[in-house]
Amino acid sequence: MGYLSSNYQEIDEVLEKMQAAVRRTREQDPAFYAKYPMQLYTVAEDEDLQRVAAQWTLPDEYLYFLKHFVPQAVSWNTDDYINLDIYGAIDLTQGQSGYSFNPVKEEFITDWPTDYLVIASDEGDPYCLDLSRGDTAIYTAPHGAGTWDFQIAYDNLAEFLNSVLLPRSMEDEESENDVGGTYDYYKVFICGPGADRVKTLVFIKKTFSCDYTQAKTYLEEVPLLVFKGIESSAAHIEDQLKSIGADYTKQQISVDEFLQR
């Protein structure tokens, strides 16, 4: 085949945008990301692709995506997602744990739809392909509701991937485009575990898209910077830290300090 289909071209285009978004994030704090790498590679290992292709009959478009999407500590935060993890081929099997498979009992979960494959998760809310359809429509349902009530969230994979690139809000856009305006800027630090160490570790895990072992390491390095930005967003972080009883401090900073990367 001498050319890519239009669907493949769409995937290529959104992958380029995702790569650029990850680069911008790393550039905001190069010292931090030098210590705790975040990368989005473009070539998956053949053995990982062969394993998932043998385990499931995957849509060609999705298999093409897996060949070119290899995340390392990458998650997506928008107005629609708290902490969305999109799985690469190497993580896809593990991503089914707690949904279609119980890793503790080592058995399949009977109330899970047989043909649903979890390709991403946002703090427990799964995003799935229905493999019986043969297309890439994306289904989701809230977790913890007792039963799974799946609805179509996106008509295809490219639409889903583009959704992670949407700006957080008009307020945040204005703060970036008018940093010399009337905004106040703050840093928020975690200073200790507070009343509930587990909840504080969960917060750190979500914030830095890491596992619990790494979250424990972060907590040992307090004060830990967890936010830098405009006042309204800092207040949102502050509310979250108050709700879990974490020890924290909020420090107002100048525009110049905000712009320092």
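The values are calculated or read from the model by the stated rules, or taken from the named source; none is laboratory data. Worth saying up front: this structure is predicted, and the values here are computed from it rather than measured. Backbone-built Cβ (ideal geometry, glycine too); neighbour counts: all protein chains shown. To get the accessible areas, we keep the full protein, side chains included, count just its heavy atoms, and leave off ligands, DNA and RNA. Shrake-Rupley method; radii C 1.70, N 1.55, O 1.52, S 1.80 Å.
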To the nearest 20 debye, what is the magnitude of the charge dipole of the chain about its Cα centre, counting +1 on the Cβ of each Lys and Arg and -1 on the Cβ of each Asp and Glu?
900 debye
Helix-only mean residue ellipticity at 222 nm for the chain, each DSSP H run of n ≥ 4 adding -39500 (n - 2.57), per residue, nearest 500:
-12000 deg cm²/dmol
Report, in degrees rounded to the nearest 10, the 0 to 90 angle that the Cα long axis of helix 46-55 makes with the longest principal axis of the chain.
60 degrees
Contour excess over end-to-end distance, with Cα ends at D60 and D256 and 0.36 nm allotted per residue:
65.7 nm
Going by amide H atoms built from the backbone, whose H comes under 5 Å of the H on Y154, apart from near neighbours?
I138
Using amide H atoms built in the peptide plane, which far-off residues or other-chain residues are under 5 Å from I253 H to H?
Y185, Y186, K187
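How much accessible area per residue does region 51-161 have, in Å², with a 1.4 Å probe?
Numbers: 5330 Å² over 111 residues.
Per-residue value: 48 Å².
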Go through region 19-28 residue by residue and turn each phi into a ³J(HN,Hα) via Karplus (6.51, -1.76, 1.60, θ = phi - 60°); whole Hz please, and just put x for glycine and proline.
4, 5, 5, 5, 4, 4, 4, 5, 5, 5
What are the ³J(HN,Hα) values, in whole Hz, obtained from phi via the Karplus relation 6.51 cos²θ - 1.76 cosθ + 1.60 with θ = phi - 60°, for each residue of region 84-99 in sequence order, with x given for Gly and Pro?
7, 9, 9, 7, x, 4, 5, 9, 5, 5, 4, x, 7, 4, x, 10
Would you kindly state how much longer the chain becomes between A53 and I152 on full extension, computed as 0.36 nm times their sequence separation minus their alpha carbon distance, in nm to one decimal?
33.2 nm
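Counting each pair of different Cα atoms once, what's the Kirkwood radius of region 35-130 in Å, rounded to one decimal? Don't skip to the end; give the middle numbers.
Details: mean 1/r = 0.0701 Å⁻¹.
By the Kirkwood definition, the hydrodynamic radius is 14.3 Å.
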Highest GNM mean-square fluctuation, the chain, Cα pairs closer than 10 Å: which of Q55, Q96, Q19?
Q55
Dimensions of the chain along principal axes (Cα, Å, largest first)?
54, 47, 32
Could you tell me which of L157, Y212, Q96 has its Cα farthest along the dipole of the chain towards the positive end, charges placed at Cβ (Lys, Arg +1; Asp, Glu -1), taken about the Cα centre?
Y212
Please find the FRET efficiency linking Q19 to T110, where r is the Cβ-Cβ separation and R0 is fixed at 45 Å, and quote it to the nearest 0.05.
0.70
